[in-house]
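Taken together, the values in this text are just the output of simple stated rules run on the coordinates, not laboratory data. As the structure is a prediction and not an experimental result, all values here were calculated from the model. Every residue, glycine as well, gets a Cβ built from its backbone with ideal geometry; the counts of neighbours run over all protein chains shown.
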Amino acid sequence: SNQTGLMRFMQATGMKPGNISSILGKSYGQGQKAIEALIDKNTQQDFTEILSWKDANCKPIFTPTNLSSMLSGSGPKLPEAIKALKDGKETLREFIDEGTFTATNVSSMLGSAGAKLSEAIKALKDGKETLKGIINEGIFIAANLASMLGSAGAKLPEAIKALKDGKETLKGIINEGIFTAANLASMLGSAGAKLPEAIKALKDGKETLREFIDEGIFTATNVSSMLNGAGPKLPQAIQNITDYKEDLYKLIVQQDDQGRINWPANYANQRYFEAENISSIFHGKALHLQEGMKVLQQKLPVIGQLVATQFTNFNIAQRLISKPVNQFAAILDGMLAEMQRPVEVPAGSGALIAGGMPAEQRAVS
């Protein structure tokens with residue numbers, strides 16, 4: 001069966017379910033054909049061979065995650081994509097052995113190329129000197145470029161050209177002292193072939209972002225975290241932050257000039273987080289800020305109970321990080337149920353209370 005075949009394939013190659021789903025993506029009604037291509041004996045042999053490739057230091061070049069990134073979206077055309085990867089072996093090895101880019105950088109730039117992997121590898125080879133030239137200018141490092149060119153795949157030529165054409169704009173923004181190269185790479189992450197639109201959006205929105213940062217609540221790093229991966233959708237993401245900034249501020253504990261927390265009178269009903277918590281919760285979610293803020297506002301009573309008892313704002317943020325905003329409500333309700341669940345306390349260690357903490361211990365925690 002397909003399930004048995006996939007299990008055997010994963011055991012033999014070290015691939016995980018997430019890697020498999022990435023490769024099978026975009027099958028568009030040809031799912032069965034795509035699965036058959038994946039679990040074919042020859043495919044398994046090819047995967048094992050590619051994962052055994054060694055660099056100049058005799059270490060494996062690609063991990064299963066690198067491989068699935070480059071083959072993402074191949075679907076039923078997986079054999080063609082694998083052939084392109086094997087044909088490009090020496091090109092990729094030379095590129096990585098030069099030491100400027102890592103295998104992870106390369107797999108990021110080639111991400112989603114799928115069946116068009118041969119064109120993407122050629123583009124990487126042709127654009128190598130351009131990329132190295134940008135790095136040699138000392139503004140961006142390889143990881144920054146790989147982030148901005150992430151998932152360009154077969155459209156890597158257009159993406160590299162856009163990066164070359166837009167580098168002066170990006171350098172200008174950095175020189176103005178608003179954002180670092182790492183901040184820009186975060187916001188432009190995965191823009192890929194749509195890098196021209198993303199760079200224009202960043203240029204057009206930089207003053208709005210500067211004003212937001214100058215208000216002193218959020219840092220440039222906080223802002224770039226929330227805008228992470230917005231890429232060509234930066235205009236909407238920036239607009240969302242502007243539209244909902246007052247709502248964001250209402251959740252954040254304020255500090256005075258000496259760094260002392262300025263607890264407002266209505267703290268128990270309103271302010272629970274630090275800016276760092278909020279930027280973590282909404283990391284890469286600026287496009288969904290409206291929905292996320294609505295949930296947090298509706299759940300303020302729950303958050304209040306959590307903060308007032310055994311959870312810190314950091315604990316809450318950690319539970320929400322990397323989770324889609326449509327799961328926020330269920331996660332917060334689950335934390336409340338966890339806190340209220342009676343737990344047996346050993347004799348002599350305090351009375352039975354909700355959340356499993358003796359009353360005398362909670363009083364000082």
- Task: Count neighbours as other Cβ atoms within 10 Å of each site's Cβ, and list the GluC sites (Glu not before Pro) in region 195-255 that are DSSP loop with at most 12 such neighbours.
- Result: Glu215
- Task: Sorted from largest down, give the three principal axis spans of the alpha carbons of region 141-196, whole angstrom values.
- Result: 34, 18, 16
- Message: Could you sort the peptides 32-39, 52-59 by per-residue average Cβ neighbour count (10 Å cutoff), highest mean leading?
- Response: 32-39, 52-59
- Note on the structure: Semi-axes of region 1-86 from the Cα gyration tensor (sqrt of 5 times each eigenvalue, largest first, whole Å) come to 21, 13, 11
- Message: If packing is taken as the average number of other Cβ atoms within 10 Å across a peptide's residues, how do 226-237, 143-154 rank, most packed first?
- Response: 143-154, 226-237
- Within 10 Å of each residue's Cβ, count the other Cβ atoms and sort Ile281, Ile252 from fewest upward. Ile252, Ile281
- Task: Would you mind giving the three semi-axes, in whole Å and largest first, of the ellipsoid equivalent to region 70-187 according to its Cα gyration tensor?
- Result: 27, 14, 11
- Message: Please give me the summed charge of the neighbours of Gln298: other residues whose Cβ is under 15 Å from its Cβ, Lys and Arg +1, Asp and Glu -1.
- Response: 0
- Residues other than Leu78 with Cβ under 14 Å of its Cβ, Lys/Arg counted +1 and Asp/Glu -1, net out at +3
- Other residues with Cβ under 10 Å from the Cβ of Ala329 give, with Lys and Arg +1 and Asp and Glu -1, a net charge of +1
- Links exceeding 31 Å between C-alpha atoms in this model, out of Lys89/Lys285; Lys122/Lys167; Lys83/Lys132; Lys41/Lys128; Lys59/Lys132; Lys33/Lys161, come to Lys89/Lys285; Lys41/Lys128; Lys33/Lys161
- Any residue on another chain or 5+ positions along whose placed amide H is under 5 Å from the amide H of Ile252 is listed here as Tyr272, Phe273
- Query: In µm²/s, what is D for the chain at 20 °C and 1.002 mPa s, where D = kT/(6 pi eta Rh) by Stokes-Einstein and Rh is the Kirkwood radius from Cα pairs?
  - Reply: 92
